[in-house]
Amino acid sequence: MSASMNPAVTSPHAPLPLEVETMVKRFGTVTAVDGISLALHGGECVGLLGPNGAGKSTLIRAIAGRVIPDAGRVSVFGAEAGSQPARAALGWVPQDLALYPRLSVKENLRSFGRYHGLSGKKLEQAVGRCLVWAALEDRAGELTRNLSGGMKRRLNMAAGLIHEPRLMLLDEPTVGVDPQSRNRIFEMIEALRAQGMTIIYTTHYMEEAERLCGRIAIVDHGRIIALGTKEALVHNSFASRSQVVARLQGREGKVAAWVAERRGKITDSTAEFTVEHPSEIAALLEGAASSGLELVDLSLRRPNLESVFLHLTGRELRD
């Protein structure tokens with residue numbers, strides 16, 4: 001991308017790129033979003049992590065103006081979400097591909113550019129810029145339906161960026177792509193970050209959030225239950241403690257009871273404990289042996305973002 005895509009520098013008193021204030025959204029008797037508040041500053045990339053049904057998609061659709069909150073407020077650079085100024089400032093890359101399969105790559109970009117009011121020389125410049133950013137120059141005349149999955153994803157992202165928005169919503173942009181395509185998408189996002197774009201990034205992959213996002217919001221049951229940098233989230237959940245992961249054999253109920261007595265957690269027959277000092281492991285081993293439990297495997301590790309997620313939600317991210 002060219003330098004012309006750099007978002008404008010805002011003054012300290014300018015409206016924030018995104019403000020969500022105590023948003024509530026219900027669908028019948030189900031509360032999808034339950035009082036979420038979130039603010040993004042210019043140039044930051046905030047990751048949204050949460051199990052399926054946590055409320056992430058509803059929040060994203062509300063920011064895009066596709067869902068009207070029952071309570072609270074959502075604004076984009078000070079404009080109400082869904083209003084013309086908000087739509088002009090926002091780029092949305094949905095999880096499901098939103099492309100015209102019978103049009104070529106360049107025709108898709110032209111169509112999305114016209115949708116955003118571009119025409120003439122400005123439209124052609126935007127198309128050329130996006131082709132370069134997505135590394136699709138040599139596929140400009142190819143029908144979209146003939147592209148690989150990774151190329152379609154990159155085109156989907158380029159279509160969301162055609163009008164030079166200042167805030168991007170990226171909803172799981174690497175779903176279903178191979179590792180090489182995923183790395184290319186990472187490079188595209190890192191290029192946006194380097195130019196000061198403000199980004200919300202939802203993902204089911206911890207490593208993506210750790211690599212791309214400065215702050216991470218963990219969403220569960222319609223609420224943000226933790227928000228901060230990876231380092232802060234780990235510290236707040238575990239302080240200086242380490243994790244002991246053990247696989248034990250014995251009667252299921254007996255193993256579960258023994259783990260609970262020692263304030264551990266058990267998931268898929270694997271017990272997890274936190275210890276301040278490695279010397280505490282010996283007491284765990286002795287306790288397991290005296291209770292008639294057989295130790296199959298044991299490891300010591302520092303907590304990471306996945307540890308935090310499991311600690312706070314009791315679930316794996318992909319559950």
| Out of all the residues in region 49-106, which are β-branched (Val, Ile, Thr) and surrounded by 15 or more Cβ atoms within 10 Å (Cβ to Cβ)? | Thr58, Ile60, Ile63, Val67, Val74, Val76, Val93, Val105
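Could we say that Val67 is closer than 18 Å to Phe27 by Cβ, in a strand (DSSP E or B), in contact (Cβ under 8 Å) with a residue 12 or more places away in the chain and not polar (S, T, N, Q) here? Let's see the steps before the verdict.
Values: closer than 18 Å to Phe27 by Cβ: yes; in a strand (DSSP E or B): no; in contact (Cβ under 8 Å) with a residue 12 or more places away in the chain: yes; not polar (S, T, N, Q): yes.
Here the answer is no, as Val67 does not meet what is asked.
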| query | Does Leu38 qualify as being farther than 16 Å from Trp92 by Cβ and either in a loop (DSSP other than H, G, I, E, B) or aliphatic (A, V, I, L, M) (or both)? | reply | yes
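How many of the residues in region 206-222 are surrounded by fewer than 16 Cβ atoms within 10 Å (Cβ to Cβ) and more than 17 Å from His41 (Cα to Cα)? Walk me through it before giving the result.
So the first thing to find is which residues in region 206-222 are surrounded by fewer than 16 Cβ atoms within 10 Å (Cβ to Cβ), and the list is 207, 210-211, 214, 221.
Okay, now just the ones that are also more than 17 Å from His41 (Cα to Cα), so 207, 210-211, 221.
Result for region 206-222: 4.
Got a sec? Which of Ala89, Ala140 is of a type in the set (A, V, I, L, M) and touching a helix residue (DSSP H, G or I) at 6+ places or on another chain (Cβ under 8 Å)? Show your work before the answer.
Details: Ala89 fails: touching a helix residue (DSSP H, G or I) at 6+ places or on another chain (Cβ under 8 Å).
On inspection, the qualifying residue turns out to be Ala140.
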| Qualifying residue in region 159-166 (condition: under 28 Å from Val308 (Cβ atoms) and among the hydrophobic types (A, V, I, L, M, F, W, C)) | no
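Restricting region 111-123 to residues that are touching a residue at least 12 places away in the same chain (Cβ under 8 Å) and within 14 Å of Ala158 (Cα to Cα), which is surrounded by the most Cβ atoms within 10 Å (Cβ to Cβ)? Step through it out loud before you land on a result.
Kept after step one, since they are touching a residue at least 12 places away in the same chain (Cβ under 8 Å), are these residues of region 111-123: 112-113, 116-118, 123.
Now restrict to residues that are within 14 Å of Ala158 (Cα to Cα): 112-113, 116, 123.
Numbers: Phe112: 24, Gly113: 21, His116: 16, Leu123: 18.
Once the filter is applied, the top-ranked residue is Phe112.
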| Meets criteria (more than 37 Å from the chain's Cα centre (by Cα) and exposed (fewer than 11 other Cβ atoms within 10 Å of the Cβ)) for Ala282 | yes
| query | Can you name the strands (runs of 3 or more DSSP E) wholly within region 208-282 that have at least 1 residues being more than 30 Å from Met23 (Cα to Cα) and not basic (Lys, Arg)? | reply | 242-249, 265-267, 270-275
| In region 180-196, is there at least one residue being crowded, with 18+ Cβ neighbours inside 10 Å, within 22 Å of the chain's Cα centre (by Cα) and assigned to a loop (DSSP other than H, G, I, E, B)? | no
| request: Could you tell me whether region 87-108 includes any residue that is farther than 23 Å from Pro17 by Cβ, free of Cβ contacts under 8 Å to residues at least 40 places away in the same chain, of a type outside the set (Ser, Thr, Tyr) and not in a helix (DSSP H, G or I)? | output: yes
| Within region 20-36, how many residues are of a type outside the set (Asp, Glu) and surrounded by 14 or more Cβ atoms within 10 Å (Cβ to Cβ)? | 10
| For Val76: the one exception among (1) of a type in the set (A, V, I, L, M); (2) within 19 Å of the chain's Cα centre (by Cα); (3) modelled with pLDDT under 95 | (3)
| remark: Being closer than 30 Å to Gly47 by Cα and not assigned by TED's automatic domain parsing to the domain that holds Leu49 narrows Lys254, Lys265 down to just Lys265
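The values are calculated or read from the model by the stated rules, or taken from the named source; none is laboratory data. Since we're looking at a predicted model, the values are computed, not measured. Cβ: placed from backbone, ideal geometry, glycine included. Neighbour counts: every protein chain shown.
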